[in-house]
Amino acid sequence: MLDYITWTANPVIFNHGVTIRWYGVMFIIGFTIGYYIMARIFKHEGAYEKWDGTLLVYLVISTIIGARLGHVFFYAWDYYSQHPIEILYTWEGGLASHGATIGIFIGMVLYSIFVTKRSPLWILDRLVIPIALVGALVRMGNLMNHEIYGHPTDLPWGFRFVVNLHSWMNGAQPIFSLPSHPTQIYEALCYLALFGLLMWLYWKKNAEERPGLLFGIFFVVLFASRFLIEFVKNPQEAFEVGMTLNMGQWLSIPFIVAGIGLIIYSLVRPREHLTFPNKFAEEIEAEKNGTPAKK
């Protein structure tokens with residue numbers, strides 16, 4: 001019986017004129033499922049159907065910009081400050097989840113100002129549900145890319161990853177790492193559990209009646225799990241070697257604190273008892289009839 005797993009998955013699914021990678025496919029699957037989850041939520045609450053399509057545009061743009069700039073400023077500013085044009089070369093890799101979170105937050109504030117005209121907490125409480133699932137799928141994309149794995153381990157589920165990935169994909173013999181923690185799977189399982197928890201809280205416990213609660217739980221669970229898993233994860237950049245807490249952990253702390261604050265805020269305020277379809281439906285009908293909506 002083997003006491004480790006030799007991982008030889010090819011990051012590329014298709015490479016005939018057009019290159020299709022598992023990482024990109026995982027993003028697409030996540031955004032597609034997320035679109036339908038949000039469409040179901042919007043229908044459940046009687047919100048405008050057109051908001052869902054607009055939301056997808058805001059989300060995709062803010063995620064890509066935030067994730068890219070997060071990598072540039074948090075992990076590789078010394079390099080990109082000397083090669084600024086390469087900030088645009090997203091196809092070469094280099095995305096940071098903390099940056100994506102900041103980008104999405106800013107994008108949803110703008111979405112609330114220009115589209116829903118409502119508190120950003122309204123969309124953020126609902127959007128974090130599919131985002132947790134997207135996070136799990138993205139980590140599986142990292143697994144397929146043989147990247148972001150952990151320290152060597154003698155546990156039976158240790159993975160031997162290909163370390164000369166580029167040359168191996170061009171025909172060279174693979175060189176494998178020592179059996180290592182598959183931290184991509186650890187994170188994916190945590191995010192998948194978070195997705196299940198948020199779905200249950202929304203659909204079964206009406207947690208959306210406490211503005212900020214789902215958003216706060218998302219921050220605490222996601223970034224606390226990220227903080228803990230980082231202890232067995234290899235440094236992502238050379239400057240992290242020897243750090244007591246790495247960059248990912250330092251960046252996670254403010255989000256955990258913010259999440260705790262949001263949870264407290266949501267629980268000390270009176271619960272908003274909503275009925276579904278809620279007041280959005282009245283506004284839609286009033287708009288159709290050309291009459292003022294009830295306030």
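The values are calculated or read from the model by the stated rules, or taken from the named source; none is laboratory data. Small disclaimer: the values here were computed from a predicted structure and weren't measured. Cβ placement follows ideal geometry from the backbone for every residue including glycine, while neighbour counts extend to all protein chains displayed. Each accessible area value is taken on the protein alone, full model and side chains, heavy atoms only, with ligands, DNA and RNA left out. Shrake-Rupley method; radii C 1.70, N 1.55, O 1.52, S 1.80 Å.
Over the chain, what is the mean sequence separation of C-alpha contacts under 8 Å (at least six apart), divided by residue count, expressed as relative contact order in percent?
Computed over the chain, the figure is 22 percent.
Starting from the Cα coordinates of the range 136-200, work out the convex hull volume and express it per residue in Å³.
81 Å³
Between Ile175 and Val57, what is the spin-label point distance in nm, taking each point 7 Å from the Cα along the Cα→C-beta axis?
4.8 nm
Output wanted: per-residue J couplings in Hz (rounded whole) for the range 184-193, from phi through Karplus 6.51 cos²θ - 1.76 cosθ + 1.60, θ = phi - 60°, x for Gly and Pro.
Rounded to whole hertz, the list is 4, 6, 4, 5, 4, 5, 5, 5, 5, 5.
Percent of accessible area on the range 1-70 owned by carbon and sulfur, 1.4 Å probe?
Here carbon and sulfur together make up 68 percent of the probe-accessible area.
Can you put Tyr4, Tyr202 in order of accessible area, largest first, using a 1.4 Å probe?
Output order, biggest surface exposure first: Tyr4, Tyr202.
Give, as a single signed number, the net charge of other residues whose beta carbon lies under 14 Å from the beta carbon of Ala188, with Lys and Arg counted +1 and Asp and Glu -1.
For residues surrounding Ala188, the net value is +1.
In what sequence, largest accessible area first, do Phe176, Phe255 appear using a 1.4 Å probe?
Phe176, Phe255
Label points 7 Å out from Cα along the Cβ direction at Leu155 and Tyr48: separation in nm?
4.7 nm
Assuming a ≥ b ≥ c are the square roots of the Cα gyration tensor eigenvalues, decide whether the range 1-102 counts as rounded (a/c under 1.5), prolate (otherwise, with a/b larger than b/c) or oblate.
Note, shape of the range 1-102 comes out oblate.
Calculated from DSSP H runs of 4 or more alone, at -39500 (n - 2.57) each and per residue, what is the 222 nm mean residue ellipticity of the chain, nearest 500?
-19500 deg cm²/dmol
Once you have a ≥ b ≥ c as the square roots of the Cα gyration tensor eigenvalues for the range 62-172, tell me rounded if a/c is under 1.5, and otherwise prolate or oblate according to whether a/b is larger than b/c.
Cα axes put the range 62-172 in the oblate bin.
With a 1.4 Å probe and every protein chain left in place, tell me how much accessible area Tyr89 has, in Å² to the nearest 10.
Accessible area, nearest 10 Å²: 70 Å².
Assuming a ≥ b ≥ c are the square roots of the Cα gyration tensor eigenvalues, decide whether the range 8-60 counts as rounded (a/c under 1.5), prolate (otherwise, with a/b larger than b/c) or oblate.
prolate
Consider all pairwise Cα distances in the chain and report the whole-number % of them above 31 Å.
Result for the distance tail: 35 percent.
Where only protein heavy atoms count, and the probe is 1.4 Å, what is the accessible area per residue for the range 23-70 in Å²?
Heavy-atom accessible area per residue stands at 49 Å².
Compute the FRET efficiency between Val25 and His273 as 1/(1 + (r/R0)^6), taking r as their Cβ-Cβ distance and R0 = 30 Å, and round to the nearest 0.05.
After rounding, the FRET efficiency stands at 0.10.
Going by average Cβ density within 10 Å per residue, which order do the peptides 51-63, 137-149, 232-244 take, highest to lowest?
Result, highest mean first: 137-149, 51-63, 232-244.
Mind checking the per residue accessible area of the range 154-259 for me, 1.4 Å probe, whole number of Å²?
The answer is 47 Å² per residue.
Over the heavy atoms of Lys117, what accessible area does a 1.4 Å probe trace out, to the nearest 10 Å²?
Roll a 1.4 Å probe over it and Lys117 shows about 150 Å².
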